[in-house]
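K.L.:
What follows is a structure written as structure tokens; I'll ask about it next.
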Amino acid sequence: MKRTLIAQALEASEACDSITICGWIRSRRDAKGFSFLAVNDGSTRTHMQCIVDNGTLAARELPFATNGAAVAVTGTLTASPGKEQQWEIHAQSLKVLGLADPETYPLQKKRQSDEFLRSIAHLRPRTNKYASMLRISSEAAFAIHSFFRAEHFTYVRTPILTGSDCEGAGELFRVTTLDPGNKDTSEDFFTKPCRLTVSGQLEGETLASALGRIYTFGPTFRAEDSRTPRHAAEFWMIEPEMAFADLSDIMELAESMLKSVIASVLDSSANDLALFDRFIEEGLIAKLESWTREPFAVLTYTESVRLLEQSGESFVYPVHFGVDLQTEHERYLAETYCQKPVIIIDYPKSIKPFYMRENDDGATVAAMDVLLPGIGEIIGGSQREERLEKLEARLAKQTQTPEDYWWYTDLRRFGSVPHAGFGLGFERLLMLLTGIRNIRDVIPFPRTPGSLEF
Ligand code: 4AD
Ligand code: MG
């Protein structure tokens with residue numbers, strides 16, 4: 001059967017005598033003498049309005065053409081008098097390809113709660129909001145690849161199964177083929193403990209030490225039991241790594257990447273973004289546009305702590321030099337103080353992983369976090385410690401098995417260079433682009449504590 005995607009049909013330059021579209025019925029309205037079927041095939045946010053006249057051959061299948069049913073409609077494409085769409089189809093034939101029992105079909109026309117929709121994650125892509133989010137996510141992924149390609153970065157893949165812990169935060173998922181109870185890892189598949197990766201950075205650094213500029217775009221896993229709207233146990237990270245580069249180079253890279261991806265999605269996904277601007281976050285598009293124009297703010301960690309101490313706000317977690325910034329602190333800095341994206345640099349050495357380069361003050365490291373109003377941290381990165389002795393000292397202090405990192409320290413033995421990189425959480429980027437405030441609603445099948453359905 002030759003069929004036209006609804007996205008293509010809606011862009012037609014002229015009327016057409018016979019066209020076939022397929023899709024799922026989103027809504028149906030019966031009038032005197034005819035029925036309206038709003039059909040969507042996922043190719044665009046806009047539904048195709050199909051008009052079926054009573055008494056015609058096409059009308060024979062109308063009793064089965066209920067919400068959620070899959071249909072094929074053939075008819076004439078004619079200019080629509082409606083405001084919502086330019087074209088509509090006057091049906092000559094209507095075929096119901098797959099029934100949907102109206103009594104039990106879970107997607108009702110009325111607005112349903114996010115919580116309920118999460119419980120039917122296999123059907124929620126059929127709602128306007130999730131379909132638009134998924135199309136934006138696809139455009140954003142392409143925009144990221146295009147950005148790095150234009151900047152001469154090589155796209156590489158790093159392992160999902162690893163024996164090392166990059167972040168040293170202990171939030172690791174173990175992978176084993178042993179029977180439960182058998183703790184002898186020498187009998188295990190890899191003859192040593194195996195984990196799901198929390199970051200591709202360490203392997204990424206080795207590839208950047210040969211190719212100069214690389215990036216990864218892959219899944220990462222963290223067993224942090226933080227039941228927040230911003231953390232998932234499985235998420236995707238984009239991790240560029242640049243040789244012959246320092247902290248300021250990746251600050252610049254992070255800012256230009258975010259701006260480029262936002263601009264690209266504003267351009268490619270106007271129709272889908274309009275849904276979020278209208279129903280989820282008023283002013284979203286104007287905000288995104290302004291963020292592509294204005295320079296991001298920059299604060300050191302030490303300045304940030306001083307600002308927080310002087311803010312007069314009563315924070316739940318008191319703040320002083322040496323503590324990690326909490327969400328409430330990050331929100332104050334980005335939303336209240338800067339009122340735009342802000343890059344915080346030079347965090348205390350004591351709260352950051354072994355690989356970050358020590359600054360000359362001996363107390364801080366060349367780290368950066370990009371914080372956004374409404375989202376919090378979207379990017380974390382650093383210049384890496386390229387000096388062997390310093391790195392070995394930090395490894396000995398922070399890990400129980402420094403010898404496992406022999407290959408990582410080798411990079412500092414053979415042709416070591418200043419290098420730097422960062423990680424962008426893809427889901428946090430989608431939260432930024434859509435205004436959706438819960439990470440569970442930007443992942444088709446979210447993995448969070450206690451939740452592994454689908
Ligand atoms: O700040 P993080 O932990 O940095 C790293 O993993 C570095 N190794 C990256 C690098 O330098 N190559 O994580 C980076 C980003 C965060 O800023 C956040 O956007 C996202 O990953 N992220 C999460 N997103 C969803 N759920 C979680 N549990 C996340 N943890 C981190
Ligand atoms: Mg971080």
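K.L.:
Checking ILE436 against (1) surrounded by 14 or more Cβ atoms within 10 Å (Cβ to Cβ); (2) more than 16 Å from ligand 1 (Cβ to nearest atom), which test does it fail?
P.N.:
(2)
K.L.:
What do you reckon, is GLY23 under 21 Å from LEU123 (Cβ atoms) and either basic (Lys, Arg) or in contact with a strand residue (DSSP E or B) (Cβ under 7 Å, 6 or more places away or on another chain) (or both)?
P.N.:
So GLY23 passes the test.
K.L.:
Could we say that LEU333 is within 30 Å of ALA263 (Cβ to Cβ), in a loop (DSSP other than H, G, I, E, B) and within 16 Å of ligand 1 (Cβ to nearest atom) here? Before the answer, list the steps.
P.N.:
On the way: within 30 Å of ALA263 (Cβ to Cβ): yes; in a loop (DSSP other than H, G, I, E, B): no; within 16 Å of ligand 1 (Cβ to nearest atom): yes.
It is false that LEU333 is within 30 Å of ALA263 (Cβ to Cβ), in a loop (DSSP other than H, G, I, E, B) and within 16 Å of ligand 1 (Cβ to nearest atom).
K.L.:
For segment 163-209, enumerate the residues that are within 16 Å of ligand 1 (Cβ to nearest atom), farther than 19 Å from GLY425 by Cβ and not in a helix (DSSP H, G or I).
P.N.:
Across segment 163-209, the qualifying residues are SER164, GLY170, ARG195.
K.L.:
In addition: Would you point out the residue of segment 358-376, among those that are within 16 Å of ligand 2 (Cβ to nearest atom) and modelled with pLDDT under 95, that is farthest from THR434 (Cα to Cα)? Break it down stepwise before answering.
P.N.:
At the first step, the residues of segment 358-376 found to be within 16 Å of ligand 2 (Cβ to nearest atom) are 364-372, 375-376.
Those left that are additionally modelled with pLDDT under 95: 375-376.
Numbers: ILE375: 11, GLY376: 15 Å.
Taking the candidates together, the pick is GLY376.
K.L.:
Filter segment 324-363 for residues that are closer than 21 Å to GLU167 by Cα and surrounded by fewer than 17 Cβ atoms within 10 Å (Cβ to Cβ) and give the result.
P.N.:
Within segment 324-363, the subset closer than 21 Å to GLU167 by Cα is 324-327, 330, 343-359, 362-363.
Within segment 324-363, ASP324, GLN326, THR327, SER350, ILE351, GLY362, ALA363 qualify.
K.L.:
Of these, SER35, SER18, which one is more than 25 Å from SER268 (Cα to Cα), touching a residue at least 40 places away in the same chain (Cβ under 8 Å) and not aliphatic (A, V, I, L, M)? I'd like the intermediate steps shown before the answer.
P.N.:
On the way: SER35 fails: touching a residue at least 40 places away in the same chain (Cβ under 8 Å).
Answer to the check: SER18.
K.L.:
Moving to a separate point now. Is it the case, given these coordinates, that ALA72 is farther than 19 Å from VAL39 by Cβ, surrounded by 13 or more Cβ atoms within 10 Å (Cβ to Cβ) and at pLDDT 95 or above?
P.N.:
no
K.L.:
Does segment 38-52 contain at least one residue that is surrounded by fewer than 14 Cβ atoms within 10 Å (Cβ to Cβ) and among the aliphatic types (A, V, I, L, M)?
P.N.:
Step one: list which residues in segment 38-52 are surrounded by fewer than 14 Cβ atoms within 10 Å (Cβ to Cβ), which gives none.
Scanning segment 38-52, I find no residue that is surrounded by fewer than 14 Cβ atoms within 10 Å (Cβ to Cβ) and among the aliphatic types (A, V, I, L, M), so the answer is no.
K.L.:
Any residue at all in segment 254-264 that's of a type in the set (A, V, I, L, M, F, W, C), touching a residue at least 12 places away in the same chain (Cβ under 8 Å) and touching a strand residue (DSSP E or B) at 6+ places or on another chain (Cβ under 6 Å)?
P.N.:
yes
K.L.:
Please go through segment 274-287 and pick out each residue that is closer than 20 Å to PRO341 by Cβ and in contact with a helix residue (DSSP H, G or I) (Cβ under 6 Å, 6 or more places away or on another chain).
P.N.:
PHE276, ASP277, LEU284, ILE285
K.L.:
Condition (residue is within 12 Å of ligand 1 (Cβ to nearest atom), in contact (Cβ under 8 Å) with a residue 60 or more places away in the chain, touching a Lys or Arg at 6+ places or on another chain (Cβ under 6 Å) and in a loop (DSSP other than H, G, I, E, B)) applied to segment 233-251: is it met by at least one residue?
P.N.:
yes
K.L.:
In segment 276-288, is there at least one residue being within 16 Å of ligand 1 (Cβ to nearest atom), within 27 Å of GLU328 (Cα to Cα), touching a residue at least 60 places away in the same chain (Cβ under 8 Å) and of a type in the set (A, V, I, L, M, F, W, C)? Walk me through it before giving the result.
P.N.:
Taking segment 276-288 and keeping what is within 16 Å of ligand 1 (Cβ to nearest atom), we get none.
There is no residue in segment 276-288 that is within 16 Å of ligand 1 (Cβ to nearest atom), within 27 Å of GLU328 (Cα to Cα), touching a residue at least 60 places away in the same chain (Cβ under 8 Å) and of a type in the set (A, V, I, L, M, F, W, C).
K.L.:
Filter segment 210-229 down to residues that are in a strand (DSSP E or B) and among the polar types (S, T, N, Q) and give me whichever is nearest to GLY163 (Cα to Cα).
P.N.:
Ranking the qualifying residues of segment 210-229, first place goes to THR220.
K.L.:
Any idea how many residues of segment 49-84 are over 28 Å from PRO106 (Cβ atoms) and assigned to a strand (DSSP E or B)?
P.N.:
Summing the residues that are over 28 Å from PRO106 (Cβ atoms) and assigned to a strand (DSSP E or B) in segment 49-84 gives 7.
K.L.:
Suppose the filter is within 12 Å of ligand 1 (Cβ to nearest atom) and either touching a Ser or Thr at 6+ places or on another chain (Cβ under 9 Å) or part of a strand (DSSP E or B) (or both); does ASP346 pass it?
P.N.:
Working: within 12 Å of ligand 1 (Cβ to nearest atom): no; either touching a Ser or Thr at 6+ places or on another chain (Cβ under 9 Å) or part of a strand (DSSP E or B) (or both): yes.
The answer is no for ASP346.
For (1) closer than 27 Å to LEU299 by Cβ; (2) of a type outside the set (S, T, N, Q); (3) away from ligand 2 (no atom under 16 Å from the Cβ), each residue gets a yes or a no:
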residue	(1), (2), (3)
THR158	no, no, yes
ALA169	yes, yes, no
THR176	no, no, yes
PRO180	no, yes, yes
PHE190	no, yes, yes
SER209	no, no, yes
ILE214	no, yes, yes
ARG227	no, yes, yes
LEU253	yes, yes, yes
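K.L.:
Consider ARG174 carefully, then state whether it is in contact with a Gly (Cβ under 7 Å, 6 or more places away or on another chain) and either surrounded by fewer than 20 Cβ atoms within 10 Å (Cβ to Cβ) or under 24 Å from THR206 (Cα atoms) (or both).
P.N.:
No; evaluated as a whole, the condition is false for this residue.
The values are calculated or read from the model by the stated rules, or taken from the named source; none is laboratory data. It should be emphasised that the depicted structure is a prediction, and the values quoted were computed from it without experimental measurement. Note that each Cβ is placed from the backbone with ideal geometry, even for glycine, and that neighbours are counted across all protein chains shown.
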